[in-house]
């Protein structure tokens with residue numbers, strides 16, 4: 001058999017393998033249940049639909065926009081913070097808009113045993129107002145970026161560190177790190193960045 005013939009066979013084999021992989025991937029995707037199927041449920045047992053629900057969640061778009069306590073279904077413990085506005089955004093690893101594991105809940109850190117190493121992230125933007133000592137209305141806002149700790153990170157005294165010893169950020173909710181905080185309250189003299197991760201404050205690379 002000539003060298004050209006062998007090369008052609010090699011190319012054909014590669015193409016077949018690629019087609020098989022694509023077919024397998026498409027099959028796996030088809031097995032996932034989507035919000036549009038109408039069978040996925042919230043933690044409270046309500047059917048998830050596209051667009052914003054009564055609480056302010058848009059699961060399809062990976063967003064929440066509403067009041068702080070509504071994000072917790074107006075829980076009793078949350079009432080002191082009920083006037084705070086809240087906007088959240090997250091990625092698919094944090095909370096997917098599919099269920100690929102066979103149950104009726106949206107997937108979290110799909111393909112990973114925990115959030116560690118999953119690349120999950122969330123942003124949280126809060127704002128509110130209060131009456132200052134002079135009777136004037138004071139407006140404040142707070143922004144935070146949170147990421148899942150990398151698989152090779154380690155927790156030392158409540159701080160996540162990268163494998164090379166670089167500080168990532170404070171531990172929050174066990175598997176996560178705070179990588180950036182910004183707080184503004186002119187009445188209190190607070191302006192700008194409270195914390196930026198010495199590693200980096202972007203979402204990539206986690």
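The values are calculated or read from the model by the stated rules, or taken from the named source; none is laboratory data. Predicted, not measured: the structure shown is a model, and the values here were computed from it. No Cβ is skipped: glycine too gets one built from the backbone with ideal geometry, and neighbour counts run over all protein chains shown.
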Next item on the list: Would you check which residues across segment 48-92 are in contact with a strand residue (DSSP E or B) (Cβ under 7 Å, 6 or more places away or on another chain), in a loop (DSSP other than H, G, I, E, B), under 30 Å from residue 32 (Cβ atoms) and in contact (Cβ under 8 Å) with a residue 12 or more places away in the chain and list them?
Entry: 48, 52, 55, 56, 62, 91
Next item on the list: Taking only segment 166-183 into account, find how many residues are within 19 Å of residue 204 (Cα to Cα), outside any strand (DSSP E or B) and touching a strand residue (DSSP E or B) at 6+ places or on another chain (Cβ under 9 Å).
Entry: 1
Item checked: Verdict on residue 56 being at pLDDT below 95 and in contact with a helix residue (DSSP H, G or I) (Cβ under 7 Å, 6 or more places away or on another chain) -> no
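Residues are listed down the side, and each one gets a yes or a no for (1) within 22 Å of residue 93 (Cα to Cα); (2) surrounded by 15 or more Cβ atoms within 10 Å (Cβ to Cβ):
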site: 133; (1), (2): no, no
site: 146; (1), (2): yes, yes
site: 151; (1), (2): yes, no
site: 154; (1), (2): yes, no
site: 160; (1), (2): yes, yes
site: 166; (1), (2): no, no
site: 169; (1), (2): yes, yes
Note to self: For residue 113, only one of the following conditions fails: (1) over 24 Å from residue 95 (Cα atoms); (2) modelled with pLDDT of 95 or more. What is its number?
What the structure shows: (1)
Check: What tally of residues in segment 121-150 results from selecting those that are in contact (Cβ under 8 Å) with a residue 40 or more places away in the chain and either in a loop (DSSP other than H, G, I, E, B) or more than 27 Å from residue 194 (Cβ to Cβ) (or both)?
Finding: 4
